[in-house]
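Only one structure is covered here, and it is reproduced in the block below.
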Amino acid sequence: MSDTRAAIEEGAKKSGVLWLTLDRPRLAWHAWHDGAVYLVTGGGEQHLPGLDALGTVHVILRSKDNGARLVEFEAEVRVVDQAAEPEAVAVLAKERLNAPDSEHLTERWARQSTVIRLTPREP
C-alpha cells in the first residue's frame with residue numbers, strides 16, 4: 001500500500017467528516033469501508049449537490065484533533081446500488097448520528113437518498 005493510500009485510509013477511519021469540492025467546499029460525514037469512502041445525500045440527509053453526476057471529485061481529509069490538512073486526493077464517484085451493497089449501507093448507517101428514524105434508516109435511504117462510493121485514485 002502506498003504512503004498516500006495509507007494516509008487516506010487512516011484519515012478516513014479516524015475522522016467521520018471530510019471536505020468535497022463541489023459548487024463550493026462542502027463538509028460531509030462518511031464511513032470508510034472496503035477501500036473507499038461511502039456517503040449519503042438527499043432525502044433529508046446532507047446536501048451534496050451534483051455529486052452523483054460527477055466522474056471524480058476532490059476530497060480533503062483533516063485531522064480530527066486540530067483540523068490540520070492530512071491528505072488531499074481525487075476520488076472516482078459511483079452511485080451505489082443499495083440493494084446490491086447492503087454491507088456498505090449498513091456500515092454507513094452505523095455512522096449516522098442522531099437519525100430521527102434509525103430503526104428504518106436504510107429503508108428511507110433506499111426510497112429517498114443516494115448512497116455514493118468515493119474510490120481514491122492512485123496518484
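We did not get these values from a lab; they are worked out from the coordinates using the rules stated. Small disclaimer: the values here were computed from a predicted structure and weren't measured. Glycine gets a Cβ as well: all are built from the backbone with ideal geometry, and neighbour counts include every protein chain shown.
Among the residues of region 89-120, just one is polar (S, T, N, Q) and under 18 Å from GLU9 (Cα atoms), namely THR119.
Would you check which residues across region 105-120 are surrounded by 11 or more Cβ atoms within 10 Å (Cβ to Cβ) and either closer than 15 Å to GLY43 by Cα or over 14 Å from the mean Cα position of the chain (by Cα) (or both) and list them? Scanning region 105-120 gives LEU105, THR106, GLU107, ARG108, TRP109, ALA110, GLN112, SER113, THR114, VAL115, ILE116.
For region 63-90, filtered to residues that are assigned to a strand (DSSP E or B) and in contact with a helix residue (DSSP H, G or I) (Cβ under 8 Å, 6 or more places away or on another chain), the residue that is surrounded by the fewest Cβ atoms within 10 Å (Cβ to Cβ) is VAL79. Total residues in region 18-37 satisfying the condition of being closer than 21 Å to VAL79 by Cβ and part of a strand (DSSP E or B): the figure is 13. Against the criterion of being more than 20 Å from ILE8 (Cβ to Cβ) and more than 18 Å from the chain's Cα centre (by Cα), PRO86 does not qualify.
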